[in-house]
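Enquirer: The structure that follows is given in the form of structure tokens.
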Amino acid sequence: MYAAMGALGLAPAKGTPPVPVVGGTAAPSPYVPPQRSDFALRGGRPASVLVLGAGVAGLACAYELGKAGYDCTVLEARDRVGGRSLTLRGGDTVTELPVQGAAGSASPGDTQRVTFGEGTYFNAGPARIAQWMVTLDYCRELGVPLEVFVNSNSAAYVLTAGMKAPVRVRTARADAYGYISELLAKAADAGALDARLTGADKERLLDFLSAFGEIGPSHDYTGGERRGYRVNPGIGQGSELGAPPSLTEVLSQGLGRVLTMDAGYEQAMPMFQPVGGMDAIVHALARQVGADRIRTGTRVTKITNTPDGVEVAVEGGAPLRAEYCVAALPPHLLARIPGNLGADVQAALATPVPLAAGKLGLEYGRRWWEIEDRVYGGATETDLDVGHIWYPSHGFHGPRGLVVGYYNTGEDADSYSEMTHARRLRRAIAQGRRVHGAKYGADLLASASVSWRRQPHIEGAWVRWPSMGGLRLLQRPAGRVYFAGDWLTHLIAWQAGAFESARKVVTELHHRVLKEA
Ligand code: PHE
């Protein structure tokens, strides 16, 4: 009977049972979206909700609450939805705030007009989705088509301060694995590991190392085919790159970080991206929410809990009222908005430290990285100030393509942040030439860069919590004001964090509304 009622919309349909996942579990209790039938069964009615911020968290809240008929209005200070999920195309404008500490208003160099050609896009914010993250479930639910994001590529390069010239990832890996295997095998041979290894262990270790590092019976690493070829084999046998550099040289290359880029649990090869640009996700959400419910260009100036609702003041307009509010803005911006949320909440909002990240998109009229370097997607890892250089994972062999000329964080991002776009471009091209030579500066059609610290109404790439105290407080509502965003999760700097946070807020808000019915 219950199932029949569910089919008639009179009872909650059964939630999807949790799927056991090997090596990591699904959420402790599976998410069940609010639905209209919840009210049919329990009484009450969907409440009105003001959602502050049309980033991933805000849009996801409005989308999920909308499933049960909540009356949501989303207020967005920027003139576009998406927040940090920003995809730039030809015709877009990027305006950056004046450099912090610099006197005066924005200089002319702070506005870029993007002139990318038809079909070219630049994911200036999120660009890769991990297989285990809830973001993929939203892509499935919203019908956002996906393609592989090539997250690492043995054919791409590495360049570190300890190297005279770039080498292919495969070469660096062969040498690092080779020498480490040699050292360990010889230590085992000399009996140095006997306290730790049984005779059988030792044999198996040596077996492993001979494959891992391709060391011969003498346990010397002498290079080999894994390093790559100067002339690739074909009809002829080709000519190998030859003998590796010395152990000392390889150690001085400092390859630890660059060779483990995709070892972090959030990373993998492959990852995924929406076809045509990351903003396909936020646009799909916004379509579901409805354009009439989203007010862009609307800046919030005050948030006040009243006895039976929330009042939100906006610049240049009458204050808005609703029964509940979800504040899905970055914490450092919320901390500056006056209201009556309480001193402890205000202090907690001021706790997370905004961090820097920057990206530069370089549109070329010739896909030289494919044609000449035979690199199809993936990344060159460096310890230069450009950080990572990304090659496009789509549009292979097309007439043009966009390379991410830098994706950097921390001090590197801060130093690029302070430059005008023209200076960022010059510097990044000079750095890229160290990897790719003169062609890096040729055939360039257009470029655009984003410093996340200088993005209006965002002012940071993501945050770091110096102490976790305030996190727990802000995971709870302050009166009728809930908080949502990646910054309230252990998935900071991922859209998945924003989605997980939205689901938690939506679930709690909905249960409260049902309970108060
Ligand atoms: N999500 C961002 C990225 O993939 C930032 C990040 C990197 C977050 C690595 C955690 C780990 O680049």
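The values are calculated or read from the model by the stated rules, or taken from the named source; none is laboratory data. Since this is a predicted model, take the numbers as computed values, not measurements. A quick note on method: Cβ atoms are made from the backbone with ideal geometry, for glycine too, and the neighbour counts reach across all protein chains shown. Ligands, DNA and RNA are stripped out before the accessible areas are found, and what is left, the full protein with its side chains, is counted by its heavy atoms. Shrake-Rupley method; radii C 1.70, N 1.55, O 1.52, S 1.80 Å.
Enquirer: Answer yes if at least one residue in region 272-280 is away from the ligand (no atom under 12 Å from the Cβ), assigned to a helix (DSSP H, G or I) and within 25 Å of Ala62 (Cα to Cα), and no otherwise.
Expert: Yes - at least one qualifying residue is present in region 272-280.
Enquirer: Further question on the same structure: How many of the residues in region 362-386 are under 30 Å from Pro330 (Cβ atoms) and either open to solvent by 10 Å² or more (accessible area, probe 1.4 Å) or out of contact with any strand residue (DSSP E or B) (no Cβ under 9 Å at 6 or more places or on another chain) (or both)?
Expert: 3
Enquirer: Being in contact with a Cys (Cβ under 6 Å, 6 or more places away or on another chain) and not small (Gly, Ala, Ser) narrows it down to one of Val289, Val300, Val314, Val310, so name that one.
Expert: Checking each option against the conditions leaves just Val310.
Enquirer: Also, I was wondering about something else. In region 138-153, which residues are in contact (Cβ under 8 Å) with a residue 60 or more places away in the chain and either more than 20 Å from the chain's Cα centre (by Cα) or open to solvent by 10 Å² or more (accessible area, probe 1.4 Å) (or both)?
Expert: Leu142, Gly143, Val144, Pro145, Leu146, Glu147, Val148, Phe149, Val150, Ser152, Asn153
Enquirer: Checking the structure you have, find out if any residue of region 222-233 is loosely packed, with under 12 Cβ neighbours inside 10 Å, outside any loop (DSSP other than H, G, I, E, B) and within 16 Å of the ligand (Cβ to nearest atom).
Expert: No, the conditions are met nowhere in region 222-233.
Enquirer: Would you kindly identify the strands (runs of 3 or more DSSP E) lying entirely within region 409-517 that contain at least 2 residues that are open to solvent by 20 Å² or more (accessible area, probe 1.4 Å) and within 16 Å of the ligand (Cβ to nearest atom)?
Expert: Values: elements: 444-451, 462-464, 481-483.
Counting at least 2 such residues, we get 462-464.
Enquirer: Let me ask another. Considering (1) aliphatic (A, V, I, L, M); (2) without any contact (Cβ under 8 Å) to a residue 40 or more places away in the chain; (3) closer than 30 Å to Glu64 by Cβ, say which one Leu193 fails and leave the rest.
Expert: In the conditions (1) aliphatic (A, V, I, L, M); (2) without any contact (Cβ under 8 Å) to a residue 40 or more places away in the chain; (3) closer than 30 Å to Glu64 by Cβ, Leu193 misses (3) alone.
Enquirer: Now for a different question. Take Leu184 and decide whether it is part of a helix (DSSP H, G or I), of a type outside the set (Val, Ile, Thr), within 16 Å of the ligand (Cβ to nearest atom) and open to solvent by less than 70 Å² (accessible area, probe 1.4 Å).
Expert: Considered against the rule, which asks whether it is part of a helix (DSSP H, G or I), of a type outside the set (Val, Ile, Thr), within 16 Å of the ligand (Cβ to nearest atom) and open to solvent by less than 70 Å² (accessible area, probe 1.4 Å), Leu184 comes out as no.
Enquirer: Residues to consider are Gly69, Gly83; find the one that is of a type outside the set (Phe, Trp, Tyr), surrounded by fewer than 24 Cβ atoms within 10 Å (Cβ to Cβ) and touching a helix residue (DSSP H, G or I) at 6+ places or on another chain (Cβ under 7 Å). Don't jump to the end; show me each part of the working.
Expert: Numbers: Gly83 fails: surrounded by fewer than 24 Cβ atoms within 10 Å (Cβ to Cβ).
Every option except Gly69 fails the conditions.
Enquirer: Moving on to the next point. Scan region 450-478 and report the pairs whose first residue is under 23 Å from Leu50 (Cα atoms) and in contact (Cβ under 8 Å) with a residue 40 or more places away in the chain and whose second residue is within 16 Å of the ligand (Cβ to nearest atom) and open to solvent by 50 Å² or more (accessible area, probe 1.4 Å), with Cβ atoms within less than 8 Å and a gap of 6+ or a chain change.
Expert: From region 450-478, the pairs are Ile458/Arg84; Glu459/Arg453.
Enquirer: Any residue in region 28-57 that is within 21 Å of Arg287 (Cα to Cα) sitting within a Cβ distance under 7 Å of a residue that is surrounded by fewer than 23 Cβ atoms within 10 Å (Cβ to Cβ) and among the basic types (Lys, Arg)? List the pairs, counting only those 6 or more apart or interchain.
Expert: Between residues of region 28-57 that are within 21 Å of Arg287 (Cα to Cα) and residues that are surrounded by fewer than 23 Cβ atoms within 10 Å (Cβ to Cβ) and among the basic types (Lys, Arg), the close pairs are Pro33/Lys67; Pro34/Lys67; Gln35/Lys67.
Enquirer: A further question on this structure: Do we have any residue at all in region 352-361 that's away from the ligand (no atom under 16 Å from the Cβ), at negative phi and either open to solvent by 30 Å² or more (accessible area, probe 1.4 Å) or part of a helix (DSSP H, G or I) (or both)? Working first, answer last.
Expert: Filtering region 352-361 down to residues away from the ligand (no atom under 16 Å from the Cβ) leaves none.
Within region 352-361, none of the residues are away from the ligand (no atom under 16 Å from the Cβ), at negative phi and either open to solvent by 30 Å² or more (accessible area, probe 1.4 Å) or part of a helix (DSSP H, G or I) (or both).
Enquirer: So His283 passes all but one of these: (1) assigned to a helix (DSSP H, G or I); (2) free of Cβ contacts under 8 Å to residues at least 60 places away in the same chain. Which condition number does it fail?
Expert: It fails just one condition, (2).
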